[in-house]
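Data first, discussion second: the structure below is written as C-alpha cells.
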Amino acid sequence: MSKIPFVNLGLQYEALRSEILDVVDRVGYSGQFVLSEEVDKFEENFARFCGAEHAIGVGSGADALVLTFMANGIGSGDEVIVPANSFVASAGAVHTCGARVVFADVARDLNIDPFDLEQRVTTRTRAIMPVHLTGRPAAMNEILVIAKKHNLFVLEDAAQSAGATYHGHRTGSLGDAAAFSLHPLKNLHVMGDGGVITTQNAELAQRLRQWRNHGLKNRDECAFWGRNSRLDSLQAAIANLKLKYLEQWNARFRKIASYYSERLGEFVGVPMDRSHEQSIYHRYIITTPQRDELMRFLAESGIESKIHYPVPLHLQEPSLAAGYRPGDFPMTEEMATLILSLPIYAELQDNQVERVASEVRRFFIGQASTLGSS
Ligand SMILES: *Cc1c(COP(=O)(O)O)cnc(C)c1O
C-alpha cells in the first residue's frame, strides 16, 4: 500500500507548473522585485476576496500580526488576550511588539471562549486576538461586543482561514484588522514566506504601508523608524495566480471534511459547521481518548497524522517562566490529549480519502470485536 503523507506540496506545483513558470518569467524580465505592480494587484484582489477595503502584503503571517500591533501603538505596558490553543506565532507576535501575552481558554470548537476571554480583561488590556483555528471562524459577534464594551482593538489571526465565512462574511473583514499567512502549509500559499494584512481602515492601511517599508513616506524621508517586511513581487504574483483557485480548493477541503465526518462520526468526535459558518478545514481534527493508539495504528497502515497542537501555549517555556501552570486552562489541556489531525488537501484522491476513513473505522471496529469476543 502506498503511503498517504500528511501534506504533499509538490502535487499543487505539478498542477500549476506551467502557469508558475510563466509568472517567474514575467517577474524576472520586469526587473521589479520589490513593491511592484504585482504586489498592488495581489493586494487589490485579496482585499476584494475578503470583503475588506485594504490589503497590505508583508513578509510573513507573524509579521502581519506584529506590524498591526506596532502600527496601533500597542506595546510595552499593554496586554493582549490570545487563546491558549494556537500556533506559537500568535503569542510570539504579542511578545515581539513588547506587550504582555494574556491567555484565555478555548471552547470545544478549539476557538477562544468568549466567556473566559471577558474574565481576562484588565485596565491594561488593549487588544484581543481571536484565532480562526483550523479554518473555523471564532465567535466574532460575542467577541466584538466585549471589545466594544472595553474599547479594545480586535486583530483576527486569520492565518488558517482564508475564505472561511461567518454569517456570510469572510474572515479578514470581521475585526478591526486581520493577519493572514501565505506560508506553504496554509490553504493559500506561496513558495516561501509571505503574509498579508486586511483592514477597512484607510488610515491604518496607510501607516502599515510605511511600517513594512522602513517607515518611508517617500524615497528619502521617513515618518518614523520602521521595519523591512515586504511581500516579494514574485511571491505576490504567485499568490495572485493561486488566489484564482482558492475557492475551488477550499470546496475540495470542505468535501473531504464532510466525507470524513459522515464515516467517522459514530466513533470519534468530528468537527461540524454551525449554520452561520463555513470552515475551510485548513485542519481536519477528530477527538478520541484513544488518540495515541489510533495515531500509531494509522502510521502502521502508512497514513501520516499529526497533532495541532500537542503543547498548549500557556505550557510553552516562556509561559511557564511568566508563571502559567498546568491546570490553568482545563479545556485547552483536555483537548490537547484528544485531538488528531487527519490528512486533508485539495490534491488528495477520493480513494486515499476513503482509505483514511476506512482505516480509522477499522481501528475502532477491530477493537469492538476484541472486546466482544473476550
Ligand atoms: C501559520 C500561523 C501563523 C504564522 O504565520 P507565518 O507566516 O508562519 O509567520 C500565525 N498564527 C497562526 C494561527 C498560524 O497558523
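The values are calculated or read from the model by the stated rules, or taken from the named source; none is laboratory data. Treat the numbers as computed from the prediction; the structure is a model and nothing was measured. Note that each Cβ is placed from the backbone with ideal geometry, even for glycine, and that neighbours are counted across all protein chains shown. These area figures cover heavy atoms from the full protein model, side chains too; ligands, DNA and RNA do not enter into them. Shrake-Rupley method; radii C 1.70, N 1.55, O 1.52, S 1.80 Å.
Candidates GLU266, GLU262: the one that is in a helix (DSSP H, G or I), closer than 30 Å to ILE365 by Cα and free of Cβ contacts under 8 Å to residues at least 40 places away in the same chain is GLU262. Among the residues making up the stretch 109-162, a single one is touching a Leu at 6+ places or on another chain (Cβ under 9 Å), over 22 Å from VAL66 (Cβ atoms) and among the hydroxyl-bearing types (Ser, Thr, Tyr): THR134.
Listed residues LEU182, LEU155, LEU204, LEU208; which is more than 24 Å from GLY98 (Cα to Cα) and open to solvent by less than 10 Å² (accessible area, probe 1.4 Å)?
Going through LEU182, LEU155, LEU204, LEU208 in turn, the sole match is LEU182.
In the stretch 269-292, of all residues being of a type in the set (Val, Ile, Thr) and part of a strand (DSSP E or B), the one that is surrounded by the fewest Cβ atoms within 10 Å (Cβ to Cβ) corresponds to THR287. Got at least one residue in the stretch 171-179 being under 30 Å from ALA251 (Cβ atoms), part of a helix (DSSP H, G or I) and among the β-branched types (Val, Ile, Thr)? Within the stretch 171-179, none of the residues are under 30 Å from ALA251 (Cβ atoms), part of a helix (DSSP H, G or I) and among the β-branched types (Val, Ile, Thr).
For the stretch 152-164, the criterion of being away from the ligand (no atom under 13 Å from the Cβ) and farther than 19 Å from ASP105 by Cβ is met by at least one residue.
Among the residues of the stretch 315-325, are any over 29 Å from VAL102 (Cα atoms) and of a type in the set (Gly, Ala, Ser)? Within the stretch 315-325, none of the residues are over 29 Å from VAL102 (Cα atoms) and of a type in the set (Gly, Ala, Ser). Taking (1) within 18 Å of the chain's Cα centre (by Cα); (2) over 16 Å from HIS132 (Cβ atoms) in turn, GLY73 satisfies each apart from (1). The residue that is least open to solvent (accessible area, probe 1.4 Å), counting only those in the stretch 323-365 that are farther than 14 Å from ALA257 by Cα and assigned to a loop (DSSP other than H, G, I, E, B), is PHE329.
Under the condition of being over 12 Å from ILE112 (Cβ atoms) and among the aliphatic types (A, V, I, L, M), which residue from the stretch 128-146 is nearest to the ligand (Cβ to nearest atom)?
LEU144
Taking ILE286, is it in contact (Cβ under 8 Å) with a residue 24 or more places away in the chain, over 22 Å from ARG108 (Cβ atoms) and hydrophobic (A, V, I, L, M, F, W, C)? Taking the combined requirement at face value, the residue does not satisfy it.
In the stretch 180-194, is there at least one residue being in a strand (DSSP E or B) and within 17 Å of the chain's Cα centre (by Cα)? Checked against the condition, which is being in a strand (DSSP E or B) and within 17 Å of the chain's Cα centre (by Cα), the stretch 180-194 yields at least one hit. Only residues that are within 7 Å of the ligand (Cβ to nearest atom), touching a His at 6+ places or on another chain (Cβ under 7 Å) and not charged (D, E, K, R) were counted across the stretch 180-192, and they come to 2.
With respect to ARG254, determine if the residue is assigned to a helix (DSSP H, G or I), at pLDDT 95 or above and over 19 Å from VAL39 (Cα atoms). Here the answer is yes, as ARG254 does meet what is asked. Within the stretch 224-241, the residues that satisfy the criterion of being in a helix (DSSP H, G or I) and open to solvent by 10 Å² or more (accessible area, probe 1.4 Å) are LEU234, GLN235, ASN240, LEU241. All conditions but one from (1) within 25 Å of the chain's Cα centre (by Cα); (2) closer than 22 Å to TYR245 by Cβ; (3) among the small types (Gly, Ala, Ser) apply to ALA89; the one that does not is (2).
Looking only at the stretch 211-223, count how many residues are part of a loop (DSSP other than H, G, I, E, B), more than 16 Å from the ligand (Cβ to nearest atom) and under 19 Å from CYS97 (Cβ atoms). Residues in the stretch 211-223 being part of a loop (DSSP other than H, G, I, E, B), more than 16 Å from the ligand (Cβ to nearest atom) and under 19 Å from CYS97 (Cβ atoms): 3 in total.
Can GLY195 be described as more than 10 Å from the ligand (Cβ to nearest atom), within 22 Å of ILE128 (Cα to Cα) and crowded, with 20+ Cβ neighbours inside 10 Å? Here the answer is no, as GLY195 does not meet what is asked. Of the residues in the stretch 69-87, at least one is within 16 Å of the ligand (Cβ to nearest atom), farther than 30 Å from PRO326 by Cβ and of a type outside the set (Gly, Ala, Ser).
Tallying residues that are outside any helix (DSSP H, G or I), among the hydrophobic types (A, V, I, L, M, F, W, C) and open to solvent by 50 Å² or more (accessible area, probe 1.4 Å) within the stretch 293-313 yields 1. Within the stretch 170-179, restricting attention to residues that are farther than 13 Å from LEU65 by Cβ and touching a Gly at 6+ places or on another chain (Cβ under 6 Å), the residue that is surrounded by the fewest Cβ atoms within 10 Å (Cβ to Cβ) is SER173.
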